[in-house]
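The values are calculated or read from the model by the stated rules, or taken from the named source; none is laboratory data. As the structure is a prediction and not an experimental result, all values here were calculated from the model. For neighbour counting, all protein chains shown are included, and Cβ atoms are generated from backbone atoms with ideal geometry for every residue, glycine included.
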Amino acid sequence: MAQSVKGMRDLYGSELRAFRLVEDTARAAFARHGYEEIRTPILEYAEVFKRSVGESSDIVNKAMYAFKDRGDREVVMRPENTAAVVRALIEHKLLGSSDPRLLFYIGPMFRYERMQAGRYRQFWQIGAETFGIGSPESEAESLLLLFEILKGLGLTQLKLSLNSVGTPESRPAFYTAFRAFFQEREARFCEDCHRRIGENPLRVLDCKNEKCQAALEGHPVITDYLDDSSRAHHARLKELLAALAIPFEENPRLVRGLDYYTRTAFEVLSSDLGAQSALLGGGRYDGLVKQLGGPDTPAFGWAIGLDRLATVTQQVRGEVPANPPALLVPLGATAAMEAMKLVQQWWDQGLAVQLDTRGLALKKVLPSADRLGIGTVLLLGEGELAEGIITAKHLATGEQETWKLGEVPAKLACPEMPLHARHVRE
Ligand code: HAM
């Protein structure tokens, strides 16, 4: 039997409904905050990520789906979207004025990673990126938007893990102190960390190996090495978060797995996710636009792991109900034709009604409708047709009523009906 590619899954049923709930919640929040959508291609030239996420990162080193296309160009399936969005903005000359750009995206990303629960090779991200504003206030706005989405889904037990990784100018002083610390206990670090300390010492702090994490006890803390302006920036952001009641904790080991961050770096973890607990991550990346050939532009953003957020949402709220519309069931050939004419009008009016075209006997239709989770079945037989009425059967209660045909749109849209019995498209 043919199977999906390892690490890539089909989305359907309740899980897909949870995805949609998360996406709809996010889209509504983006609209409220004035963020515009951007869609970039799945394939990018490898350079885009090598020059941004970084050659020393695990993502570029180990996890890219990279191949040569038929024109012998090295392309990759995007492992993340920040660099791709920056590439697009530069290509279309959308940066450089004093106007900010507030953008969001929702789409699949690809990383050839080791399989674990909550970690997929095709996974989805919802991301937000702010270009052209360097202030801590813009970070606080973006984080308010993020928490609005999470709260909108019913998630409240979340904490922001926060750090400042300084600037390329302030980092060498930290590197010197950190390398000296590393050398004193280098035998305790893994082989990868020995490579990392030369390439990018921050990656050592990010090592997942427990022995390395233990060896890091008492390491020099990057926030002690910040330049004055980064220190003031960090202090102001913390002040804003406290005033806005966004709970956070400082984590001096949080450096993120991508090379482009400057100053603010953060993640939100969820205890409901087990080992793969990072629900989302982000930070400031003031140097990236210039690095990829664009005008000097401050930037800040984050990306939520949609697969993971959908999982947590279901844990918190339970399964997202399918809520199918009422089912119109004609009984007999004459009724079948009339039912089609009727439902055509209802659809034109914006009502949601499913038409049963199977021509089954009532005793088969009702159990089937029940299995499909349908709340209301509208029966239209010869008798009903002659009287200009319809029989509405509410499956949950077994109740039955007759409605005049003209009343049906109002009845289905009736706001005092329980949610499961309301069928007008929102
Ligand atoms: P990231 O931390 O690499 O950041 O990914 C963001 C989120 O994507 C993670 O916290 C996680 O929830 C989800 N994620 C990553 N890999 C997987 C996977 N294999 N399976 C399932 N979920 C996964 C970025 O990608 C940055 N572009 C975020 C950003 C935006 N920074 C600034 N702007």
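Take the stretch 90-101 and flag every residue that is farther than 19 Å from LEU292 by Cα and modelled with pLDDT of 95 or more.
none
Condition (residue is more than 21 Å from the chain's Cα centre (by Cα) and more than 16 Å from the ligand (Cβ to nearest atom)) applied to the stretch 3-12: is it met by at least one residue?
yes
Can you tell me which of ARG101, ARG121 is within 14 Å of the ligand (Cβ to nearest atom) and farther than 25 Å from ARG20 by Cβ?
The conditions single out ARG101.
Taking the stretch 196-212 only, how many residues are part of a helix (DSSP H, G or I) and either buried (at least 17 other Cβ atoms within 10 Å of the Cβ) or in contact (Cβ under 8 Å) with a residue 24 or more places away in the chain (or both)?
Total meeting the criteria: 8.
Against the conditions (1) among the charged types (D, E, K, R); (2) touching a helix residue (DSSP H, G or I) at 6+ places or on another chain (Cβ under 7 Å); (3) closer than 17 Å to THR262 by Cα, where does ARG171 fall short? Just the number, please.
For ARG171, the exception is condition (2).
Can you pull out the residues in the stretch 115-161 that are more than 15 Å from the chain's Cα centre (by Cα), within 21 Å of SER270 (Cα to Cα) and part of a strand (DSSP E or B)?
Once the filter is applied, which keeps residues that are more than 15 Å from the chain's Cα centre (by Cα), within 21 Å of SER270 (Cα to Cα) and part of a strand (DSSP E or B), the stretch 115-161 yields GLN116, LYS159, LEU160, SER161.
Among the residues of the stretch 54-70, count how many are more than 15 Å from the ligand (Cβ to nearest atom) and either exposed (fewer than 12 other Cβ atoms within 10 Å of the Cβ) or among the acidic types (Asp, Glu) (or both).
Total meeting the criteria: 4.
Scan the stretch 124-157 for residues that are without any contact (Cβ under 8 Å) to a residue 40 or more places away in the chain and either among the charged types (D, E, K, R) or within 14 Å of the ligand (Cβ to nearest atom) (or both) and jot them down.
Matches in the stretch 124-157: LYS151 only.
From the list THR223, THR264, pick out the single residue that is surrounded by 19 or more Cβ atoms within 10 Å (Cβ to Cβ), among the polar types (S, T, N, Q) and under 21 Å from PHE174 (Cβ atoms).
THR264
Can you name every residue in the stretch 304-317 that is part of a helix (DSSP H, G or I), of a type outside the set (Ser, Thr, Tyr) and closer than 19 Å to GLN157 by Cβ?
Scanning the stretch 304-317 gives ARG308, LEU309, ALA310, VAL312, GLN314, GLN315, VAL316, ARG317.
For the stretch 4-80, give me every one of the strands (runs of 3 or more DSSP E) that falls completely inside it and has 2 or more residues that are among the acidic types (Asp, Glu).
none
Quick one: count up the residues across the stretch 65-93 that are closer than 19 Å to ILE304 by Cα, in contact with a helix residue (DSSP H, G or I) (Cβ under 7 Å, 6 or more places away or on another chain) and either without any contact (Cβ under 8 Å) to a residue 12 or more places away in the chain or not charged (D, E, K, R) (or both).
Of the residues in the stretch 65-93, 4 are closer than 19 Å to ILE304 by Cα, in contact with a helix residue (DSSP H, G or I) (Cβ under 7 Å, 6 or more places away or on another chain) and either without any contact (Cβ under 8 Å) to a residue 12 or more places away in the chain or not charged (D, E, K, R) (or both).
Answer yes if at least one residue in the stretch 164-175 is within 15 Å of the ligand (Cβ to nearest atom) and either more than 18 Å from the chain's Cα centre (by Cα) or assigned to a strand (DSSP E or B) (or both), and no otherwise.
yes
Yes or no: TYR285 in contact with a Ser or Thr (Cβ under 8 Å, 6 or more places away or on another chain), of a type in the set (Ser, Thr, Tyr) and closer than 12 Å to VAL165 by Cβ?
yes
May I ask you to list pairs of residues, at least six apart or on different chains, whose Cβ atoms are under 9 Å apart, with the first in the stretch 359-381 being over 15 Å from ALA333 (Cβ atoms) and the second being among the β-branched types (Val, Ile, Thr) and part of a helix (DSSP H, G or I)?
Cβ pairs passing all conditions: VAL377/VAL365; LEU378/VAL408; LEU379/VAL365.
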